[in-house]
Amino acid sequence: MEVNEAAREYTYEDYLNRDDETRFELIDGVIYMMAPPAQAHQEISGELYLQLANFLKGKPCKVLYAPFGVRLNADTGDNTILEPDLLVVCDLSKLDGRSCNGAPDMVIEILSPSTSKKDKTLKFDKYKQAGVRELWYVDPADKTVSVCILKNGEYCIRTYSNTDIVLVHVLEGCEIILKDVFDT
């Protein structure tokens with residue numbers, strides 16, 4: 001797939017029909033290439049997945065990890081497909097085997113120098129507009145987690161350190177032990 005056409009707006013169909021394994025996200029039809037994650041990123045992602053998956057065993061929600069597309073506007077333009085590092089979906093009818101169609105209940109983005117600005121601006125706005133109820137930004141460098149809880153259309157943000165235990169608001173009774181997340 002050619003990705004240098006400046007005037008072209010891309011859609012989910014283009015995302016599915018890419019001719020190589022290059023990872024990218026679409027935001028309002030614009031392609032944003034994704035670099036491979038660093039080892040620390042993968043270890044943090046793995047520990048978060050493990051804690052969430054263990055909690056969700058036998059429960060009706062699912063945790064999924066990248067690469068897995070989230071189609072935030074599947075019913076309208078279908079030109080925004082994001083690949084968060086982790087997502088939790090409790091309305092399983094949103095899953096079609098290839099993507100999540102609509103807002104997941106929770107999204108976790110692990111920040112890296114190459115994606116931090118896009119994650120905290122463009123993607124932040126898209127998640128808020130779509131109604132993602134809980135959004136986490138994990139910063140491996142600072143060993144912090146910023147938790148954004150959607151209330152009345154706006155995110156209330158609180159930041160936690162690597163010694164905290166964080167309650168997952170959308171999963172009653174779920175706690176994430178940050179010491180285990182960052183001591184990988």
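The values are calculated or read from the model by the stated rules, or taken from the named source; none is laboratory data. These numbers were taken from a predicted model, which means no experiment stands behind them. We place every Cβ from the backbone using ideal geometry, glycine too, and count neighbours over all the protein chains shown.
May I ask you to list pairs of residues, at least six apart or on different chains, whose Cβ atoms are under 7 Å apart, with the first in the range 1-19 being of a type in the set (Asp, Glu) and the second being modelled with pLDDT of 75 or more? Short answer, once both residue conditions are applied: Glu9/Gly29; Glu9/Asn79.
Where residues in the range 1-33 are among the aliphatic types (A, V, I, L, M) and over 21 Å from Asn101 (Cβ atoms), which of them is modelled with the lowest pLDDT?
My answer is Met1.
Considering only the range 19-63, state which residues are polar (S, T, N, Q) and within 20 Å of Val138 (Cβ to Cβ).
Initially, the range 19-63 is screened for residues polar (S, T, N, Q), giving 22, 39, 42, 45, 51, 54.
Within the range 19-63, Gln39, Gln42, Ser45, Gln51, Asn54 qualify.
Of all residues in the range 170-184, those satisfying the criterion of being of a type outside the set (Asp, Glu), more than 27 Å from Thr80 (Cα to Cα) and not in a strand (DSSP E or B) are Gly173, Cys174, Leu178, Lys179, Val181, Phe182, Thr184.
Considering only strands (runs of 3 or more DSSP E) fully contained in the range 71-169, which possess at least 1 residues that are of a type in the set (Gly, Ala, Ser)? Before you say what the answer is, go through the steps one by one.
Numbers: elements: 86-89, 99-101, 106-110, 134-139, 144-151, 154-161, 165-167.
Result: 99-101, 144-151, 154-161.
Residues in the range 100-119 that are at pLDDT below 95 and touching a Phe, Trp or Tyr at 6+ places or on another chain (Cβ under 9 Å): Thr115, Ser116, Lys118, Asp119. In the condition set (1) part of a helix (DSSP H, G or I); (2) touching a residue at least 24 places away in the same chain (Cβ under 8 Å), Ala53 is compliant with all but (2). Scan the range 8-47 for residues that are touching a helix residue (DSSP H, G or I) at 6+ places or on another chain (Cβ under 8 Å) and in a loop (DSSP other than H, G, I, E, B) and the total you get is 1.
Test of understanding: among Tyr137, Tyr127, Tyr155, Tyr160, which residue is within 12 Å of the chain's Cα centre (by Cα) and free of Cβ contacts under 8 Å to residues at least 40 places away in the same chain? Write out each step before concluding.
Details: Tyr127 fails: free of Cβ contacts under 8 Å to residues at least 40 places away in the same chain; Tyr155 fails: within 12 Å of the chain's Cα centre (by Cα); Tyr160 fails: within 12 Å of the chain's Cα centre (by Cα).
Only one candidate qualifies: Tyr137.
Conditions tested, residue by residue: (1) closer than 20 Å to Met33 by Cα; (2) surrounded by 17 or more Cβ atoms within 10 Å (Cβ to Cβ); (3) among the aromatic types (Phe, Trp, Tyr).
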| residue | (1), (2), (3) |
| --- | --- |
| Val70 | yes, yes, no |
| Val88 | no, yes, no |
| Leu92 | no, no, no |
| Ser116 | yes, no, no |
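Test Val30 against the criterion of being free of Cβ contacts under 8 Å to residues at least 60 places away in the same chain and closer than 30 Å to Lys151 by Cβ, and give yes or no.
Here the answer is yes, as Val30 does meet what is asked.
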